[in-house]
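> Take this structure, written in structure tokens, and hold onto it; I'll ask about it next.
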Amino acid sequence: MPHGSAIRGTRVGSGPVRPTERCEPAPRRPVTYWCARSHSIEVLLAAEVAPPATWDCPRCGQPAGLDQLNPPGPSRAEPYKSHLAYVKERRSDADGEALLAEALAALRRRRGEI
Ligand SMILES: [Zn+2]
């Protein structure tokens, strides 16, 4: 007669198996990269590998680095320009004044001030 305890039934509702007993996840650590446009990208890397120096930003496609204050430059030769810089390129200050005056006039008309 074999030992009765070789096969044990599992009682329904005997409690969840603790996750750590089933599969120990490989140790991972979050590494944050920063691109030149101040996007932060958190990447989960295996704890034992050295993080690569750069990571492509999924939002703008530019290389991102580990140093927030000193991100790698854009991969394209074109220098980075802010949105405002592009606007200023298209519009002179005089254009800006005219647009502002126009917008203010329209606003005042809507408010019944004129
Ligand atoms: Zn980016």
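> With (1) touching a strand residue (DSSP E or B) at 6+ places or on another chain (Cβ under 8 Å); (2) modelled with pLDDT under 90 as the list, and Gly9 as the residue in question, which single condition is left unmet?
(1)
> Same structure again: Which pairs have Cβ atoms under 9 Å, sit 6 or more apart or on different chains, and link a residue in region 31-45 that is assigned by TED's automatic domain parsing to the domain that holds Asp67 to one that is loosely packed, with under 15 Cβ neighbours inside 10 Å and among the aromatic types (Phe, Trp, Tyr)?
Taking only residues 6 or more apart or on different chains, the pairs are Ala36/Tyr80; Arg37/Tyr80.
> Among the residues in region 51-66, are any open to solvent by 50 Å² or more (accessible area, probe 1.4 Å), among the basic types (Lys, Arg) and modelled with pLDDT of 90 or more?
Yes, that holds for at least one residue.
> Here's something else I'd like to know. Count, please, the residues in region 50-65 that happen to be over 12 Å from Ser38 (Cα atoms) and within 15 Å of the ligand (Cβ to nearest atom).
5
The values are calculated or read from the model by the stated rules, or taken from the named source; none is laboratory data. Quick caveat: nothing in here was measured; it's all calculated off a predicted structure. Quick reminder, even Gly has a Cβ in these numbers, built from the backbone with ideal geometry, and neighbours come from all protein chains shown. Side chains included, ligands, DNA and RNA excluded: accessible areas come from the protein's heavy atoms. Shrake-Rupley method; radii C 1.70, N 1.55, O 1.52, S 1.80 Å.
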